[in-house]
1. Cut-off 11 Å, label point 7 angstrom out along Cα-to-Cβ of B:GLU30: give me the residues of region A:325-344 whose amide nitrogen falls inside.
2. Return the tail of the calculated pair distribution for region A:27-110, meaning the percent of Cα-Cα pairs more than 18 Å apart.
3. Given an 8 Å cut-off on Cα distances and at least 6 residues of separation, report the relative contact order of region B:1-80 as a percent.
4. What shape does chain A have by the C-alpha gyration tensor, where a ≥ b ≥ c are the square roots of the eigenvalues, rounded means a/c under 1.5, and otherwise prolate means a/b greater than b/c and oblate the rest?
5. Considering only protein heavy atoms, what is the solvent-accessible area of A:THR7 at a probe of 1.4 Å, reported in Å² to the nearest 10?
6. Work out which helices of chain A, taken as complete DSSP H runs, extend at least 18 Å along their axis over the Cα atoms and score a mean Kyte-Doolittle of -0.5 or more, then list them.
7. Going through the cross-link list A:LYS257/B:LYS140; A:LYS334/B:LYS65; A:LYS9/A:LYS113; A:LYS38/B:LYS140; A:LYS113/A:LYS334; A:LYS113/A:LYS280, which pairs have a Cα-Cα distance over 28 Å in this structure?
8. How big is D, in µm² s⁻¹, for region B:2-148 by Stokes-Einstein at 25 °C and 0.890 mPa s if Rh is the Kirkwood radius over C-alpha pairs?
Amino acid sequence: MSLTKITDKAGLHRHLEAAMQLEHATIPPYLNALYSIKPGTNTEAFHILRAVAVEEMLHLTLAGNILNAVGGTPDMTVPGFVPLYPAYLPDGETDFQVDCQAFSRAAIETFLKIERPAQGATPGVDTIHKGRKRAHHNGHKRHGTALRARHVPGNEEEHFYSIGEFYQAIEEGLERLHAEMGDALFSGDPARQIGPEYYYSAGGGLMAVTDLASAKAAIRLISEQGEGVTDNIFDYEGEIAHYYRFEQLLLGRYYQKGDARGRPTGREVAVDWDAVFPIKANARIADFPEGSALRQGAEEFNRAYGDFLSLLTRAFQGEPALFVEAVGGMFQLKELYYQIMRQPLGDGTHAAPTYEIPHG
Amino acid sequence: MADMLDGFLALSAALTGFTGHRLRGTGQAEAYLATATGIVGEGVMRDLLLAADEARASAGGDAAKHEAELRRLIMSDDRLGPVARNIIRMWYVGSWYQLPKPWREAHGQSPRDHDHVVSPISYTEGLLWPAIGANPAGAKPAGYGMWAMPPRIAPG
């Protein structure tokens with residue numbers, strides 16, 4: 001993947017396509033951790049993870065709305081949209097990879113990196129770098145972060161330290177282009193917007209994006225719910241940012257208003273790190289015996305997930321009413337999730353969905 | 001008892017018509033094996049699993065013959081048949097029902113042999129729901145507005 005500073009509408013589209021890919025890329029790791037928690041245990045951890053996962057789905061939808069508003073075409077069916085894990089995040093954060101793994105301290109530590117505040121907000125960490133092609137020189141094997149790259153000669157690749165800074169760049173790009181083009185920037189068909197009438201009970205307001213103000217409001221919501229671009233634990237609405245929600249699980253205590261970062265003083269969070277299906281990290285179809293019912297079940301999940309993304313894509317491409325059906329289908333995916341995670345592999349680990357989405 | 005789990009899953013697959021994968025996917029296999037074994041005793045359970053092995057072996061992959069052998073060796077057996085029927089009911093509705101009186105008189109009365117729900121999720125994981133293509137009443141919600149669409153239940 002390669003992103004360069006937004007100078008035209010095509011560049012803005014690329015960033016927003018990357019934003020959708022980025023929001024989505026967080027969901028399989030969050031769901032793997034969430035559903036690896038044995039049903040009926042770890043209630044508090046379950047609810048923290050679930051709320052974050054649902055908000056990522058909201059962010060994904062908002063990114064799709066912004067892309068539609070500026071005349072882009074959301075498409076979640078392109079090969080590479082779903083990364084193969086372990087994966088780098090599509091905003092060019094190259095210092096860590098994301099695993100799909102069981103609920104564990106290691107998983108939560110990765111989630112903290114995903115949701116980390118902007119540089120400067122966390123003392124002692126590396127600063128943002130916008131280096132030339134650094135991602136290609138770091139020696140890591142890159143998986144599936146296949147945003148269709150279009151290299152712009154002479155421009156420097158952007159690599160963001162945090163998701164918040166990535167969205168800041170999008171917001172600046174929107175403002176720059178709006179100053180040049182005026183409201184012609186928002187040339188998308190408003191009928192493609194997924195509005196609150198198609199959304200319910202899911203981590204705050206879904207809003208239609210039709211102009212600069214609503215686009216900025218959508219970006220603000222994403223940034224504040226996630227990591228924030230400041231070091232605030234709580235946002236304007238008093239909601240705690242994802243980073244600090246996860247940190248509560250490691251520190252074993254809830255934050256309350258007035259707390260300093262890293263020192264929550266609320267009541268204890270009870271976490272049972274052992275009440276978890278020991279799912280294989282970054283499982284692949286090839287890990288399951290050929291011809292086995294488990295392999296069929298895992299392939300069925302991948303097909304069902306591909307169908308789900310196709311339905312969502314149709315909803316974004318002009319049939320917003322399909323959104324309701326797509327969301328309903330997620331409940332069935334959850335059932336398939338549990339069926340797979342309850343299968344022991346015989347080596348002490350359990351199976352897990354692999355997210356190897358078939359194409360064609 | 002862990003060594004009996006594979007045999008129990010094979011027996012259960014033959015008795016219920018669902019695959020071992022689908023049965024394991026309910027998360028209830030260990031609980032059902034423990035419940036049944038705790039009530040009828042390990043001797044009866046081992047004989048039941050041996051009879052299931054024998055039925056499978058003598059059928060040699062012939063489905064019709066397999067069913068006939070299950071009926072001959074297990075379902076029509078006074079000692080094993082009622083236990084097998086109870087195991088089927090447990091998988092389908094998630095509850096253990098007290099064994100019939102003749103069985104209790106002939107083969108002992110476990111204090112645990114009374115009607116009870118096996119686990120907090122055994123009802124919602126019952127096979128009756130996928131069998132009839134519905135979600136369990138009051139559980140596994142399908143999402144807002146989905147009542148206007150046909151249920152989408154993988155039969156397994």
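The values are calculated or read from the model by the stated rules, or taken from the named source; none is laboratory data. Every value quoted in this text rests on a predicted model; they were computed, and no experiment measured them. Because the Cβ atoms are built from the backbone with ideal geometry, glycine has one as well, and the counts that use them run over all protein chains shown. Note: areas computed on protein heavy atoms with side chains; ligands, DNA, RNA excluded. Shrake-Rupley method; radii C 1.70, N 1.55, O 1.52, S 1.80 Å.
1. A:344
2. For region A:27-110, the fraction of Cα-Cα distances above 18 Å is 54 percent.
3. RCO, region B:1-80: 24 percent.
4. Note, shape of chain A comes out rounded.
5. Answer for A:THR7: close to 80 Å² accessible.
6. A:9-36, A:43-69, A:163-181, A:212-225, A:293-316, A:322-341
7. A:LYS257/B:LYS140; A:LYS334/B:LYS65; A:LYS9/A:LYS113
8. It comes out at roughly 153 µm²/s.
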